[in-house]
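**Q** Structure incoming, see below.
The values are calculated or read from the model by the stated rules, or taken from the named source; none is laboratory data. Here the structure is a predicted model, which is why all the values come from computation and not from measurement. Don't worry about glycine lacking a Cβ; one is built from the backbone with ideal geometry, like all the others, and counts go over all protein chains shown.
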Amino acid sequence: MANLEFLNKEKLHTGFGEDLSKVNNYEDLIHTAGLDWEVEARPVYYKNDQGMFVEVPGTKEVVRSVDGKAMGTVTDRYKIVQNSDAFRFVENLFDQNVKFIRGGSFRGGKSTWLEAKLPNTYKILGDDVDQYLVFKNSHDGKGSILAMILPTRIVCSNALNYALNNASRVWRCMHASTVNDRLEEARNILLHTERYMGALAEEAESLQKIKFTNNDMINLTNALLPYGKQATERQKATVDDRRNQLLAVINGKDDIQQYGNTAYKFLNAVSDFATHAESRRNTSTANERLFENTITGNFLMDKAYELVRA
């Protein structure tokens, strides 16, 4: 049996954020998530040669009103969307038995998020797959209000968020200002989710038909984790260690051996490795960084998908 002690089996949404599992209305949702604060745009000044402070034209700094913390520099055209308004459309999801799990802010408040679990469990190649939705807003001028679906194999908490050509996993949400707009946006979210899950089930069947040899698995692993240009011997040793860890998952993880040497097995192994391997940089923001990278598109998982589809 392969040594898989380097894998951390906690789910992606553990380790940070506020518990929202007992919340059942929108006002409590925002309050419990710690998002009941606002931002405002303030003028930006510079000191000229005469020692006078002069306002920079066309430029504002978004700051958190409660403490004046800077979020990001924007132009005059930037439209602020407060937390309480940004996620207002999710209020209509309570009526669809959608359960909110966690939420909060990260990157010092520049990004805010809510995570919810949909009621239906899908069967994909015999496995139970839960559907999670993540909603994200930004206050640094660099992002839109986003909705992201994160399908997860229950048996091992593996994310199955492939960048499919025929169904979007990430999409922009409308800032819905009226009741009818919010209802329509909620319907749109559920429609996107159903479309993606249907496409994912079909894709899993297709990936399971792509067969590899043991050498193919090694070559895929090496292509996924290449040596950098002009890598030192020490850097190569680090890459070799990561390759061996991934191969240990491929060959020794019990819940994926049922798939044989297939593209679907390789992708599940990469998902496990990318989202559960202990971080090489054990910092206080490691969980936040992993979560954000996974919901927006994990580089290793996206590259692995490209490799098996090449």
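**Q** If you take the residues of the stretch 1-58 that are modelled with pLDDT under 70 and of a type in the set (Lys, Arg), which of them is surrounded by the fewest Cβ atoms within 10 Å (Cβ to Cβ)?
**A** Top of the filtered list is Lys9.
**Q** Are there strands (runs of 3 or more DSSP E) fully within the stretch 56-165 with at least 2 residues that are among the β-branched types (Val, Ile, Thr)? List them.
**A** In the stretch 56-165, 70-75, 127-138, 146-153 are the strands (runs of 3 or more DSSP E) which contain 2 or more residues that are among the β-branched types (Val, Ile, Thr).
**Q** Being at pLDDT 85 or above, buried (at least 20 other Cβ atoms within 10 Å of the Cβ), touching a Lys or Arg at 6+ places or on another chain (Cβ under 6 Å) and of a type outside the set (Asp, Glu) narrows it down to one residue among Val134, Val129; which is it?
**A** Details: Val134 fails: touching a Lys or Arg at 6+ places or on another chain (Cβ under 6 Å).
Only one candidate qualifies: Val129.
**Q** Can you tell me how many residues within the stretch 229-279 are touching a strand residue (DSSP E or B) at 6+ places or on another chain (Cβ under 7 Å) and closer than 26 Å to Phe291 by Cβ?
**A** Residues flagged as touching a strand residue (DSSP E or B) at 6+ places or on another chain (Cβ under 7 Å) and closer than 26 Å to Phe291 by Cβ within the stretch 229-279 amount to 7.
**Q** Here is a further query. Restricting the first residue to the stretch 288-310 and requiring it to be of a type in the set (Asp, Glu), which pairs with a second residue that is surrounded by fewer than 15 Cβ atoms within 10 Å (Cβ to Cβ) meet a Cβ separation below 7 Å and a spacing of at least six or different chains?
**A** Going by the 7 Å Cβ cut-off, the qualifying pairs are Asp302/Ala163.
**Q** Go through (1) of a type in the set (Lys, Arg); (2) buried (at least 20 other Cβ atoms within 10 Å of the Cβ); (3) under 30 Å from Ala86 (Cβ atoms) and name the single condition Arg195 misses.
**A** Result: Arg195 passes all but (2).
**Q** Sort through Ala204, Ala186, Ala167 and tell me the only one that's touching a strand residue (DSSP E or B) at 6+ places or on another chain (Cβ under 6 Å), over 18 Å from Glu288 (Cβ atoms) and buried (at least 18 other Cβ atoms within 10 Å of the Cβ).
**A** Ala204
**Q** Can you report the number of residues in the stretch 186-223 which are of a type outside the set (S, T, N, Q) and not in a helix (DSSP H, G or I)?
**A** Residues in the stretch 186-223 being of a type outside the set (S, T, N, Q) and not in a helix (DSSP H, G or I): 4 in total.
**Q** Another question, if that's okay. I'd like the residue in the stretch 216-245 that is more than 15 Å from Ala277 (Cβ to Cβ) and touching a residue at least 60 places away in the same chain (Cβ under 8 Å) and, out of all such residues, is surrounded by the most Cβ atoms within 10 Å (Cβ to Cβ).
**A** Leu220
**Q** Among the residues of the stretch 142-159, are any out of contact with any Leu (no Cβ under 8 Å at 6 or more places or on another chain), among the β-branched types (Val, Ile, Thr) and modelled with pLDDT of 85 or more?
**A** yes
**Q** Between a residue in the stretch 28-49 that is under 23 Å from Thr73 (Cα atoms) and any residue that is hydroxyl-bearing (Ser, Thr, Tyr) and surrounded by 15 or more Cβ atoms within 10 Å (Cβ to Cβ), which pairs come within a Cβ distance under 6 Å, given they are 6 or more apart or on different chains?
**A** Close Cβ pairs satisfying both conditions: Leu35/Thr112; Val44/Thr59.
**Q** Need the failing condition index for Glu306 against (1) modelled with pLDDT of 90 or more; (2) acidic (Asp, Glu); (3) within 18 Å of the chain's Cα centre (by Cα), just the number.
**A** (3)
**Q** Just the residues that are crowded, with 18+ Cβ neighbours inside 10 Å, within 14 Å of Ile189 (Cα to Cα) and without any contact (Cβ under 8 Å) to a residue 40 or more places away in the chain, please, taken from the stretch 90-115.
**A** Val98
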